[in-house]
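The values are calculated or read from the model by the stated rules, or taken from the named source; none is laboratory data. Because the structure is predicted, anything quoted here is derived from the model rather than measured. In this analysis, Cβ positions are derived from the backbone assuming ideal geometry, glycine residues included, and neighbour counts consider all displayed protein chains. For accessibility, only protein heavy atoms count, side chains too; no ligands or nucleic acids. Shrake-Rupley method; radii C 1.70, N 1.55, O 1.52, S 1.80 Å.
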Amino acid sequence: ILDEEFGDGGMVTIDFEEGAVLQRIRLQSDRKIVGVGSVDAVGSQREGFLLVRLLPDGTLDTTFDDNGRKHVEFDLEPDGHDYAAAMTLSGGRIVAVGAALVGQDGNLALVRTANALGFTDRFEERKS
């Protein structure tokens, strides 16, 4: 049974940008939904990291980079291919791992956000 209080009748559709893909999603201890992937943002870069955070009701969390999503470009070369492929949560921080490619050469790429939990319980380990 779908949760009628989540999104539109239990479903959420989000129109990011052309070429946006979420690879992984997780539920934070404050019930916010976070996800990482890639997006083909406007500009010279072909693709960059995409980080997303939704409120428990399925709407974009506007306290997360003003619109619920954050694009991260490593800019190792023009028209680069950067993408997040995996993620974990650490003390209220999103830690996204992926690649920043230069031609055929891959570079490990990591992004970590600031702590953004509305409250902290013992489900997520606190780190300083």
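One table, with the values for the structure above:
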read-out	value
Residues that are modelled with pLDDT of 85 or more, open to solvent by 50 Å² or more (accessible area, probe 1.4 Å) and not in a loop (DSSP other than H, G, I, E, B), drawn from region 102-128	107, 108, 110, 112
Search result, residues across region 87-98 that are touching a residue at least 40 places away in the same chain (Cβ under 8 Å) and outside any strand (DSSP E or B)	92
Tabulated pairs, region 99-115, first farther than 22 Å from residue 69 by Cα, second among the hydrophobic types (A, V, I, L, M, F, W, C), C-beta under 6 angstrom, 6+ apart or interchain	102/76; 106/99; 107/100
Residues located in region 43-66, provided they are open to solvent by less than 20 Å² (accessible area, probe 1.4 Å) and at positive phi	58
Residue in region 68-86 that is without any contact (Cβ under 8 Å) to a residue 60 or more places away in the chain, within 14 Å of residue 27 (Cα to Cα) and under 16 Å from the mean Cα position of the chain (by Cα) present	no
From the options 36, 21, residue that is at pLDDT below 90 and either buried (at least 16 other Cβ atoms within 10 Å of the Cβ) or closer than 19 Å to residue 98 by Cβ (or both)	21
Count of residues meeting criterion [at pLDDT below 90, over 13 Å from residue 34 (Cα atoms) and open to solvent by 50 Å² or more (accessible area, probe 1.4 Å)] in region 67-101	9
Some residue of region 68-77 being out of contact with any strand residue (DSSP E or B) (no Cβ under 9 Å at 6 or more places or on another chain) and assigned to a loop (DSSP other than H, G, I, E, B)	no
Residue count, region 65-88 (criterion: aromatic (Phe, Trp, Tyr) and under 25 Å from residue 4 (Cβ atoms))	0
